[in-house]
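Before any comments, here is the structure.
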Amino acid sequence: MRQGLAATALLLGLFSCTTLARAETLNLLIWEAYIDQAILDDWTASTGVNVRQIYFDSGDARDEILADPNSNIDLSVVGENGSALFGKRGILAPLTTDTVPSLKDYATRWTSRCAGYGAPYLWGTMGIVYRSDKVTTTPTSWKDLMQPASALKKHIAMYDDHNEAFIAPLILLGKSINANDSDTLKQAFELMKGQAPFVLTYTYVITSIDNPDYGRDIYMALAYSGDQKVLNEKAGTPGLWRYAVPQEGTLSWLDCLAVTAASPRKAQAMKLVDHILSAQSAARNAQTLGMPTASTAALALIPEAMKNDPAIYTPADIMEKSQYQTELSVSSIQTRRRIISAMANFQ
C-alpha cells in the first residue's frame with residue numbers, strides 16, 4: 001500500500017521544499033485505494049484545487065506522520081480513537097456543521113465517535129479474506145486463521161499493527177480487544193506464537209499482495225471489510241478474493257476524515273471534507289469501494305442489493321458480538337509491539 005515509511009517521509013520532505021506554498025494543492029493522508037478518484041477529480045474540476053494522496057499502510061505509520069509538525073498534511077483519514085486523541089492534543093481541528101454542512105446527514109451515533117475532530121467517513125469490520133480457488137470452504141471462525149489447516153502453512157498474511165494484530169487472538173480467548181493487562185496479552189502471545197509458522201508475512205495484505213516474490217502465495221489474510229474488492233481489482237478476477245466475518249464477533253471500526261490544525265489551507269480542506277461527505281459523493285464512494293456509508297442521505301441512494309450483501313453490511317447477530325476500540329494504555333501498546341516484533345523468531 002505505501003512505499004514504506006521511509007519513502008513516505010522522503011516524499012513529505014520533498015513537499016516541504018517544493019509544494020508548501022502551492023495553495024492549489026491539498027495533501028491527503030489516506031489508505032491506498034480508499035476513495036473514488038472521480039470524487040477528487042470532480043472537486044478539482046469545480047475548484048481548481050488539486051488533491052495529492054499520500055498512502056500509509058498501518059495506523060502506527062499514519063500516527064507517526066500526523067505527530068510530525070513538519071508533515072505538511074492538510075487532511076487525513078484517522079480511526080475514531082485517533083480522532084479523539086489527536087484532537088485533544090491540538091493536532092486536529094474541530095469540525096462542526098458550520099464548517100462542514102454535510103455533517104447534518106450523519107446521525108449522532110456516528111459523529112460522536114469522531115469526537116468533534118473528524119467526520120464519519122466509512123465504517124466496517126475486520127475479518128478474513130481468502131482466495132476462493134485455494135480455500136474452498138468459507139472460514140467461519142477465527143480459529144481458521146489462528147489455528148489454520150496444514151495446507152495453509154506459509155500462505156497466511158497477518159498485520160503488524162498493535163491494535164489489529166490482537167483482534168483475532170483476543171476474541172478467541174473471549175477477552176476484550178482493548179485488553180491492557182499482561183496476563184491476557186501473554187495468552188494472546190501464545191496463540192500468535194503457535195500461528196507464526198503458518199504466516200508468510202506480517203505486512204498488510206493490500207501491500208503484500210503486490211510483492212513480486214511472495215504475493216501470489218498468499219491464500220488467506222487478516223483484513224478489513226472492503227479489502228476483497230481491492231484484491232480482486234489487483235488480481236483482475238472478480239470474486240477470486242472473498243471476505244468473511246467470524247462467528248465469534250469482530251472489531252466494528254469507524255474511520256473519520258479530519259483536518260489538521262496546522263494546515264495553512266484549512267478552509268479549503270474543510271470544503272473538501274464537505275464535498276466528500278455530501279450525499280452524492282458518499283453514495284458513490286460506498287458503491288465504488290464496496291463499503292458501508294454512515295450518511296443517512298447517502299444510504300437512501302445505495303442499491304438494495306448492496307445493503308443486503310452480508311459481506312458489506314454485516315448481519316446484526318454478528319455485529320451484536322462485535323467490539324469497538326478504545327484507547328490503550330502506554331504499557332499495553334509497548335507490550336503489544338514487543339510481541340509483534342518477536343513473531344519473526346517463531347516463523
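The values are calculated or read from the model by the stated rules, or taken from the named source; none is laboratory data. As the structure is a prediction and not an experimental result, all values here were calculated from the model. All Cβ positions, glycine included, derive from the backbone under ideal geometry; neighbour counts span all protein chains shown.
Tabulated results
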| quantity | calculated |
| --- | --- |
| Residue check for residue 227: surrounded by 17 or more Cβ atoms within 10 Å (Cβ to Cβ), among the charged types (D, E, K, R) and either touching a His at 6+ places or on another chain (Cβ under 6 Å) or not assigned by TED's automatic domain parsing to the domain that holds residue 274 (or both) | yes |
| Pairs with Cβ under 7 Å, 6+ apart, first in the range 219-246 and at positive phi, second in a helix (DSSP H, G or I) | 226/289; 239/232 |
| Residues that are of a type in the set (Ser, Thr, Tyr) and touching a helix residue (DSSP H, G or I) at 6+ places or on another chain (Cβ under 6 Å), drawn from the range 83-110 | 83, 97, 99, 102 |
| Any hit, the range 143-152, residues being in the same structural domain as residue 324 (by TED's automatic domain parsing), in contact (Cβ under 8 Å) with a residue 12 or more places away in the chain, in a loop (DSSP other than H, G, I, E, B) and under 30 Å from residue 240 (Cα atoms) | yes |
| Hey, residue 141 surrounded by fewer than 22 Cβ atoms within 10 Å (Cβ to Cβ), at pLDDT 95 or above, of a type in the set (S, T, N, Q) and closer than 29 Å to residue 33 by Cβ or not | yes |
| Sole residue being more than 21 Å from residue 142 (Cα to Cα) and part of a strand (DSSP E or B), chosen from 272, 222, 257 | 257 |
| Breaking point among (1) touching a residue at least 60 places away in the same chain (Cβ under 8 Å); (2) over 20 Å from the mean Cα position of the chain (by Cα); (3) surrounded by fewer than 14 Cβ atoms within 10 Å (Cβ to Cβ), for residue 330 | (1) |
| Residue match in the range 191-200 (condition: more than 17 Å from residue 347 (Cβ to Cβ) and either at pLDDT 95 or above or among the hydroxyl-bearing types (Ser, Thr, Tyr) (or both)) | no |
| Sole residue being more than 30 Å from residue 195 (Cα to Cα) and surrounded by 20 or more Cβ atoms within 10 Å (Cβ to Cβ), chosen from 257, 301 | 257 |
| Qualifying position, being outside the structural domain of residue 128 (by TED's automatic domain parsing), in a helix (DSSP H, G or I) and surrounded by fewer than 17 Cβ atoms within 10 Å (Cβ to Cβ), among 267, 282 | 267 |
| Pairs with Cβ under 6 Å, 6+ apart, first in the range 89-116 and touching a residue at least 60 places away in the same chain (Cβ under 8 Å), second of a type outside the set (Gly, Ala, Ser) and in a loop (DSSP other than H, G, I, E, B) | 92/117; 103/97 |
| Residues that are over 18 Å from residue 156 (Cβ atoms), in contact with a helix residue (DSSP H, G or I) (Cβ under 7 Å, 6 or more places away or on another chain) and part of a strand (DSSP E or B), drawn from the range 225-254 | 251, 252, 254 |
| Which listed residue, of 314, 288, is in contact (Cβ under 8 Å) with a residue 12 or more places away in the chain and assigned to a loop (DSSP other than H, G, I, E, B) | 314 |
